[in-house]
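Everything on this sheet refers to the single structure shown next.
The values are calculated or read from the model by the stated rules, or taken from the named source; none is laboratory data. Keep in mind that what you see is a predicted model, and the values were worked out from it rather than measured. All Cβ positions, even for glycine, are placed from backbone atoms using ideal geometry, and neighbour counts span all protein chains on display.
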Amino acid sequence: MTLHPEIAAVTDRVIERSREKRAAYLALMAHELESGNDRPKLGCANLAHAYAGTDEQRERLTAGRAMNIGIVTSYNDMLSAHAVYYRYPEQMKLWALEVGATAQVAGGVPAMCDGVTQGYQGMELSLFSRDTIAMGTSIALSHRTFEGAALLGICDKIVPGLLMGALRFGHLPMVLVPGGPMRSGLPNKEKAAVRERYAEGKATREELLEAEIAAYHSKGTCTFYGTANSNQMMMEAMGLHVPGAAFANPGTKLRQELTRTAVHRLTEIGWNGEDYRPIGHVVDERAIVNAAIALLATGGSTNHLIHLPAIARAAGILIDWDDFDRLSRVVPLLTRVYPNGSADVNGFEDAGGPAFVIRELLRGGLMHGDALTIARDGMAAYGRKPVLDEAEALTWPELPAKSGDDTIVRTIEEPFSDEGGFRILSGNLGRACIKVSAVERDRWTIEAPCRVFSDQQQVQDAFKAGELDRDVIVVVRFQGPRANGMPELHKLTPPLGVLQNKGFRVALVTDGRMSGASGKVPAAIHLSPEALGGGPIGKLRDGDVVRLCAEEGILQAMVEPAEWAAREQCEAPPAAVGTGRELFALMRLTASEAEMGGSAMLSAAGL
């Protein structure tokens, strides 16, 4: 199928904008391959240190003739998504031995959970945990004793952080190894309803806790289509998974065989074989555009309008929000998964999952089918679902022409919408993005007086006091990367949802982030430039009328231009301390704007 002309044009725009930085990146990776990928060049004492911790693999390691796979793991047993990785390294070592290779745990990276820290101080470390993970990945791979790497991570900041670090070792072949979602518990819609009742004082804390535990009940990722599961969709579209690995449940034979295949495939795409596929070449401009397309076609997490630009920059590629906006106008919405529908990701997988979406996008010329992937058959392989045959061996049969459930996944001929799930807004308040895939069309435009806050607790207090029972645009500022690390403001979802359910015209405007689970309330987020440092959101005053229009791409304070120009910025709140936040002051000081990825590390490196 011929590639859609607008997708080709956006890709060409990305290629041209990235030409200089991408060339420099590829030259660096060529140098790294030549100078840093040969264990026999290391000193004997260096190698002895690297091999001293292993017994069963030492002889093979010492011979130095087979691939040694570095495992970078985000395992911890506090978080359901990452607890599944507990036994992975020892299993992967055995699977490496099956094909004459070795594997070692190169290092661990932190994995924090936005679900645990939502609304509390730890959330202000969340975005910068991504840079920390990237740096931890670099440290793990810096020993020069690996010819390939397996990256074990799933959730919000972990996958982007692993990739940002791994791409600086782009001469190595690598594979992302997911763990899969927990099985379905309390339906997400019922959980959300209890949250809204609790926000209104109509449900007790005990009832709320019971509902939450019924929803988040076992090992695996959360089952709503937030940032973690959007990560998995993007890794499929970028060709960095074993095809179809995203949503197989933990603890199943299928999941085990997918991970085993990931180890085996790594040994086939190494630098000294006939099928060399280094991650720095897999993640090219086509892969980045494919990831954006998959995100838009599934109504994925708004967080990736920060994460995908940061991942791209680590590979010398520059993508911006205008690219997302242009793609969104030609990429159809093919899925309805909570919070954009009632089904969870298990229902999505049963109905066809990422494979069905990718197959349809390729069939419609809406994705680069010629992109390099870790799979031998290229992008076409990601349009088929893995199953186990009678001998429990993996096969990838063709998918049926029709969706398993067209209330969840649809073909390109019958999409839920002709456009994707995002729009870009601009005006005298700056640039912001809005996720509209779950917002009713009659709420794409909200014009109302604003109420201005400096943190989300102030919003909740005003809500409880009845001060927001009207048409209102809630403004929460000083939430950007440089102000406080850009926390998600997911705690605002229930009260704003209650106000909307009462019939009020409500919207949110913020220089912070909303959760990947953001849904039915229109929210202009990631507003840039942020309030700290002079962003115009700092000029807003209570009662100013603000116009948010996703139809026209407008975010405007309806204030006379002369008055607006003469207004002074409001005073910034003092920098917060406690919960380790003061240790990240340097990151806040040097972080880039959200559209550039909100990264202190990349900004400081000139990437």
*Is at least one residue of region 22-40 more than 29 Å from the chain's Cα centre (by Cα) and not in a helix (DSSP H, G or I)?*
yes
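Yes/no per residue for (1) of a type in the set (D, E, K, R); (2) more than 30 Å from VAL459 (Cα to Cα):
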site	(1), (2)
TYR86	no, yes
ALA103	no, yes
GLY136	no, yes
CYS155	no, no
LEU162	no, yes
GLY170	no, yes
PRO181	no, yes
ARG195	yes, no
*Output the residue which, of all residues in region 383-423 that are not charged (D, E, K, R) and not in a loop (DSSP other than H, G, I, E, B), is modelled with the lowest pLDDT.*
PHE422
_Search result, residues across region 5-28 that are in contact with a Lys or Arg (Cβ under 7 Å, 6 or more places away or on another chain) and buried (at least 18 other Cβ atoms within 10 Å of the Cβ)_ = VAL10, THR11
*Consider LYS191 carefully, then state whether it is modelled with pLDDT under 90, touching a helix residue (DSSP H, G or I) at 6+ places or on another chain (Cβ under 8 Å) and surrounded by fewer than 24 Cβ atoms within 10 Å (Cβ to Cβ).*
yes
*Determine, yes or no, whether ALA572 is aliphatic (A, V, I, L, M), more than 27 Å from ASP471 (Cβ to Cβ) and over 25 Å from the mean Cα position of the chain (by Cα).*
yes
*Residues that are assigned by TED's automatic domain parsing to the domain that holds VAL175 and among the basic types (Lys, Arg): find the helices (runs of 4 or more DSSP H) completely inside region 42-105 holding 1 or more of those.*
58-63, 88-98
*Would you list the helices (runs of 4 or more DSSP H) that sit entirely within region 184-268 and hold 1 or more residues that are outside the structural domain of GLY497 (by TED's automatic domain parsing) and touching a residue at least 60 places away in the same chain (Cβ under 8 Å)?*
188-199, 227-237, 253-268
*Sort through VAL475, VAL387, VAL436 and tell me the only one that's in contact with a Phe, Trp or Tyr (Cβ under 8 Å, 6 or more places away or on another chain), closer than 30 Å to THR252 by Cα, in contact (Cβ under 8 Å) with a residue 60 or more places away in the chain and of a type in the set (A, V, I, L, M, F, W, C).*
VAL387
*Identify the residue in region 407-433 that is over 20 Å from PRO561 (Cα atoms) and among the hydroxyl-bearing types (Ser, Thr, Tyr) and, among all such residues, is nearest to the chain's Cα centre (by Cα).*
SER417
*Which of the residues spanning region 342-396 are touching a Pro at 6+ places or on another chain (Cβ under 7 Å) and of a type in the set (Phe, Trp, Tyr)?*
TYR382, TRP396
*If you check THR411 against the conditions, is it within 27 Å of ASP542 (Cβ to Cβ), surrounded by fewer than 24 Cβ atoms within 10 Å (Cβ to Cβ) and either of a type in the set (D, E, K, R) or touching an Asp or Glu at 6+ places or on another chain (Cβ under 8 Å) (or both)?*
no
*Are any residues in region 450-461 more than 30 Å from the chain's Cα centre (by Cα) and under 24 Å from LYS435 (Cβ atoms), and if so, which ones?*
CYS450, ARG451
*Index of the failed condition, HIS31 passing every other in (1) at pLDDT 90 or above; (2) surrounded by 14 or more Cβ atoms within 10 Å (Cβ to Cβ); (3) not basic (Lys, Arg)*: (2)
*For region 164-183, how many residues meet the condition of being of a type outside the set (D, E, K, R) and part of a loop (DSSP other than H, G, I, E, B)?*
8
_Search result, residues across region 310-368 that are aromatic (Phe, Trp, Tyr) and more than 19 Å from ASN249 (Cβ to Cβ)_ = TRP321, PHE324
*Scan region 56-73 and give yes if some residue there is in contact (Cβ under 8 Å) with a residue 12 or more places away in the chain and on the phi > 0 side of the Ramachandran plot, otherwise no.*
yes
*Could you list, in sequence order, all residues of region 369-382 that are touching a Gly at 6+ places or on another chain (Cβ under 9 Å) and of a type outside the set (S, T, N, Q)?*
GLY369, ASP370, ALA371, LEU372, ILE374, ALA375, GLY378, MET379, ALA380, ALA381, TYR382
*Looking only at region 122-149, and only at residues there that are under 20 Å from ALA50 (Cα atoms) and in contact with a Pro (Cβ under 9 Å, 6 or more places away or on another chain), the one that is surrounded by the most Cβ atoms within 10 Å (Cβ to Cβ)*: GLY148
*Could you check ASP77 against (1) within 30 Å of ASN229 (Cβ to Cβ); (2) crowded, with 18+ Cβ neighbours inside 10 Å and say which number it fails?*
(2)
*Which residues, counting only those in region 108-121, are over 15 Å from PHE584 (Cβ atoms), β-branched (Val, Ile, Thr) and surrounded by fewer than 20 Cβ atoms within 10 Å (Cβ to Cβ)?*
VAL116
